[in-house]
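Some notes on the structure that comes next.
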Amino acid sequence: MWGMSVAQPVEVDREVVDFAIVGKWMEEQGLPGGAFEGVTSLGGGTQNIMLRFQRGGRDYVLRRGPKHLRAKSNEVIRREARLLGALSGTGVRAPEVVAACADESVIGAVFYLMEPIAGFNPQNELPELHANDPEIRRRMGLSAVEAIARLGALDYRALGLEDYGKPEGFLERQVPRWLGELESYSANEGYPGPEIPGVQRVGEWLDRNRPANWTPGILHGDCHLANMMFTYEGPEVAAMVDWEMSTIGDPLLDLGWQIATRPEPGTTGAALVGKLGAVGGLPTPEEMIEHYGRFSDRDLSHVTWYTVLACFKLGIVLEGTHARAFAGKAPKQVGDFLHAITLELFERAHRLME
């Protein structure tokens, strides 16, 4: 969920990816044959596996769920491949799918091949051009805003994505859905329950102030800067990655999410965007809203509400790892770190509600 690390050479476990089978499948798709060369792992914050390789003079990235598949892993990868395929040719900055295998019996998991992205992840890398120029960093933030605005402006029905989500009642579902998720964490042995001040108060405020009218569209769902790849030559987004939380909903939640996760140097949350978070220089929330409006005709008068919802939802998502750490299912250090960010997100929500 939180970005991608640098490529590392890797010995691939055949249980994870059997290249003999993948090679045969690729040839059935009409892709060039030959030896698999330069296999490297692209590690990520998610547990999904990504392997880069060359074959027949062409570069690919293979993406599949983790070695030990979770209940929804195959469905997540299946949905991602479908969405990215639909976005091809729309001008939205997203990975380009070469071919997808929705049949999990081929290698034991659903997988797809995509074109490698020429760019860097600002969580792990900040080239000299970007590190030394605050104006470049400000424009990086604006490019990220443009990317989600263009995504939200697409006609999802025309792209064949009518059934990709359930937009009816999307906003009404959010508070009960995420309070229910928070309640479910008590199943983790040893977890004392959520020690997050004002959770119910934020939920009640969201229910009282919910926008009455909105237009459904494609939502990335987790569009913070560590899920963006940027070009080496300038401030432009090369691709938005990690589409696991994508759906058809209210795209203004993506704008709220970017504002809620905007890294402020010196905060724990800034560490989620690593090198870029440490140096700052990003656009203000006001600049972000104004820039979004250049690429969208949506009503932006309720952006504060969407930002509070983003703080509420993301805070609860991150608290899940804190709860699992008590049960020994996640490292304690990671759980404590994410809990600190949850508290910051709720503090931000309270300030915005005032």
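The values are calculated or read from the model by the stated rules, or taken from the named source; none is laboratory data. These numbers were taken from a predicted model, which means no experiment stands behind them. So basically every Cβ, Gly included, is an ideal-geometry build from the backbone, and we count neighbours across all protein chains shown. The accessibility values were calculated without ligands, DNA or RNA, using every heavy atom of the protein model including side chains. Shrake-Rupley method; radii C 1.70, N 1.55, O 1.52, S 1.80 Å.
Can you bin segment 17-129 into rounded, prolate or oblate? Criterion: square roots of the alpha carbon gyration tensor eigenvalues sorted a ≥ b ≥ c, rounded for a/c under 1.5, prolate for a/b above b/c, oblate for the rest.
It comes out rounded by the Cα gyration axes.
What is the angle, in °, between the Cα long axis of helix 170-184 and the longest principal axis of the Cα atoms in the chain? Nearest 10 is fine, range 0 to 90.
80
Residue by residue through segment 248-255, what is 3J(HN,Hα) from phi via Karplus (6.51 cos²θ - 1.76 cosθ + 1.60, θ = phi - 60°)? Round to whole Hz and write x for glycine and proline.
Along segment 248-255, the couplings run 9, x, 9, x, 5, 5, 5, 5 Hz.
In whole percent, what relative contact order does the chain give with Cα contacts below 8 Å and a gap of six or more residues?
18
Using θ = phi - 60° and the Karplus form 6.51 cos²θ - 1.76 cosθ + 1.60, what ³J(HN,Hα) does each residue of segment 234-246 get, whole Hz, x for Gly and Pro?
Whole-Hz 3J(HN,Hα) from phi for segment 234-246: x, x, 6, 5, 7, 6, 8, 10, 6, 8, 4, 9, 5.
For the cross-link pairs K166/K313; K72/K332; K67/K275; K67/K313, which exceed 22 Å when the distance is taken from alpha carbon to alpha carbon?
K72/K332; K67/K275; K67/K313
Note down the accessible area of E162, probe 1.4 Å, to the nearest 10 Å².
100
Measuring with a 1.4 Å probe in the full set of protein chains, what accessible area per residue, in whole Å², belongs to segment 22-139?
Computed with neighbouring chains in place, this is 45 Å² per residue.
So how exposed is T40, as accessible area in Å² (1.4 Å probe, rounded to 10)?
30
So what's the back-of-envelope 222 nm ellipticity for the chain, counting only DSSP H runs of four-plus at -39500 (n - 2.57) apiece and dividing by all residues, rounded to 500?
My calculation for the chain gives -13000 deg cm²/dmol from helical runs alone.
Using a basic spin-label model with each label point 7 Å from the Cα along Cα→Cβ, how many nm lie between E347 and E162?
For E347 paired with E162, the spin-label model returns 4.8 nm.
Compute the acute angle (0 to 90°) between the alpha-carbon long axis of helix 303-326 and the principal axis of greatest extent of the alpha-carbon atoms of the chain; round to the nearest 10°.
Rounded to the nearest ten degrees, it is 60.
Could you list the trypsin sites (Lys or Arg not before Pro) in segment 14-93 that lie in coil according to DSSP, counting only those with at most 16 other Cβ atoms within 10 Å of their Cβ?
R14, K67, R70, K72
Let me cross-check E28: its accessible surface, 1.4 Å probe, with only protein heavy atoms counted, in Å² to the nearest 10?
120
In sequence order, what are the phi-derived ³J(HN,Hα) couplings for segment 102-107 according to the Karplus relation 6.51 cos²θ - 1.76 cosθ + 1.60 with θ = phi - 60°, rounded to whole Hz, with x for glycine and proline?
7, 8, 5, 6, 5, 10
Suppose we look only past 22 Å in the calculated P(r) of segment 270-354. What percent of the Cα-Cα pairs does that tail hold?
Taking all Cα-Cα pairs of segment 270-354, the fraction more than 22 Å apart is 41 percent.
Measure nothing fancy, just the Cα-based angle from helix 199-209's long axis to the longest principal axis of the chain, in degrees from 0 to 90, nearest 10.
With rounding to tens, the tilt is 80 degrees.
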